[in-house]
1. Tell me, which residue of region 106-148 that is under 21 Å from residue 354 (Cβ atoms) and part of a strand (DSSP E or B) is nearest to the chain's Cα centre (by Cα)?
2. Answer with yes or no whether residue 187 is part of a helix (DSSP H, G or I) and either out of contact with any helix residue (DSSP H, G or I) (no Cβ under 9 Å at 6 or more places or on another chain) or not assigned by TED's automatic domain parsing to the domain that holds residue 251 (or both).
3. Return the residue satisfying two criteria in turn: it lies in region 285-308 and is assigned to a loop (DSSP other than H, G, I, E, B) and touching a residue at least 60 places away in the same chain (Cβ under 8 Å), and of such residues it is surrounded by the fewest Cβ atoms within 10 Å (Cβ to Cβ).
4. Which residue, of 330, 336, 312, is under 17 Å from residue 200 (Cα atoms) and either modelled with pLDDT of 95 or more or in contact with a strand residue (DSSP E or B) (Cβ under 7 Å, 6 or more places away or on another chain) (or both)?
5. Given the criterion at pLDDT 95 or above and within 21 Å of residue 94 (Cβ to Cβ), identify the matching residue among 200, 220, 162, 210.
6. For region 309-325, give me the residue count where each residue is farther than 13 Å from residue 339 by Cα and in contact (Cβ under 8 Å) with a residue 60 or more places away in the chain.
7. I'm trying to understand the selection: among the residues of region 318-340, which are more than 27 Å from the chain's Cα centre (by Cα) and either under 22 Å from residue 259 (Cβ atoms) or not assigned by TED's automatic domain parsing to the domain that holds residue 211 (or both)?
């Protein structure tokens, strides 16, 4: 249907059209307001009856006022600095640890972690290799890829590190070998720090010579059994060679057997149980670390035998940790030859010397001692581990 509008005059027509235009514009503006105009916007009609949206200026003033108030009341923002990346001063060190098979090893790890802290100027990457050489070599390769500044290696065995050491050398990353020895060419690592394992073995043998003399048994036939450490480990090799060097000087010493306890309590227990079944007359038991000694002592007691200063079997141990001192006080171990695990500060000092361009000795030994049971109670309070 078509609607026809008749106007009485031109003014009436213009007035009606104006009203319709205003209504249409206002309707449209209401829709805009409902969908997103600011509260401070206003509608302005033009002389022709058009309408537009204008800012009355109050929003800008309010925004400026709010900004000013915020700036006056807000606390200054504190940047959380990543010291590692922002300062660029941290020395990046990677440590490939043997594992956590003994109390000695845990003490060594804690010494390293205590020395190589951010507060002391280091970024420290630590890998427990769980007594697996493949894992350890992969850890070393990762250190090279990460472009660490220095690598610390405690080798699980003596052989098999040449290739990865060459990779580190090509990358100009000095390697410091600690604790156990390594068979690689000396030019492939900066230096070695640790214990003189052969001297430890000799010290154990020398102590036994004196002890047997004090007891008037130096001319008796002495039956000796050894629970070795991990096969191929330099501590095992050195302690065995050193002790046997002394034994060769005493024809009455009979080295009956030597089997690996893998530096563990369970290993020491298992080997000792086998020994007790095979050998009736045991005078001396040499355990190449404290954990093996603890396991062996349990087996000895379970078999109804005794050990220690007042027992049937002389027990010689290595490491001299706090628990072993207590075992000496309790009368289970006769003597403990120290293997000092607190290498962290010494390695940190070596890194500082290398960083300063100083020449360091290729081989460096930790200070160590021999502790007989009669001195254990007085010495224990002064021990750091």
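1. Per the criteria, the residue is 126.
2. Details: part of a helix (DSSP H, G or I): yes; either out of contact with any helix residue (DSSP H, G or I) (no Cβ under 9 Å at 6 or more places or on another chain) or not assigned by TED's automatic domain parsing to the domain that holds residue 251 (or both): yes.
Yes: the conditions hold for residue 187.
3. Within region 285-308, the first condition is being assigned to a loop (DSSP other than H, G, I, E, B), and the residues that meet it are 288-289, 303-306, 308.
Next cut, touching a residue at least 60 places away in the same chain (Cβ under 8 Å) only: 288-289, 308.
Details: 288: 35, 289: 34, 308: 19.
That would be 308.
4. Details: 330 fails: under 17 Å from residue 200 (Cα atoms); 312 fails: under 17 Å from residue 200 (Cα atoms).
Selected residue: 336, the only one of 330, 336, 312 that is under 17 Å from residue 200 (Cα atoms) and either modelled with pLDDT of 95 or more or in contact with a strand residue (DSSP E or B) (Cβ under 7 Å, 6 or more places away or on another chain) (or both).
5. Exactly one residue qualifies, and that residue is 162.
6. Going through region 309-325 one residue at a time, the tally reaches 4.
7. Initially, region 318-340 is screened for residues more than 27 Å from the chain's Cα centre (by Cα), giving 326-336.
Answer for region 318-340, where residues must be more than 27 Å from the chain's Cα centre (by Cα) and either under 22 Å from residue 259 (Cβ atoms) or not assigned by TED's automatic domain parsing to the domain that holds residue 211 (or both): 327, 332, 333, 334, 335, 336.
Residues checked against (1) surrounded by fewer than 14 Cβ atoms within 10 Å (Cβ to Cβ); (2) over 30 Å from residue 172 (Cβ atoms):
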site: 324; (1), (2): no, yes
site: 328; (1), (2): no, yes
site: 339; (1), (2): no, yes
site: 355; (1), (2): yes, no
site: 367; (1), (2): yes, yes
site: 370; (1), (2): no, yes
site: 376; (1), (2): no, yes
site: 381; (1), (2): yes, yes
site: 385; (1), (2): no, yes
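The values are calculated or read from the model by the stated rules, or taken from the named source; none is laboratory data. Quick caveat, the model's predicted, so the values are computed rather than measured. Cβ: placed from backbone, ideal geometry, glycine included. Neighbour counts: every protein chain shown.
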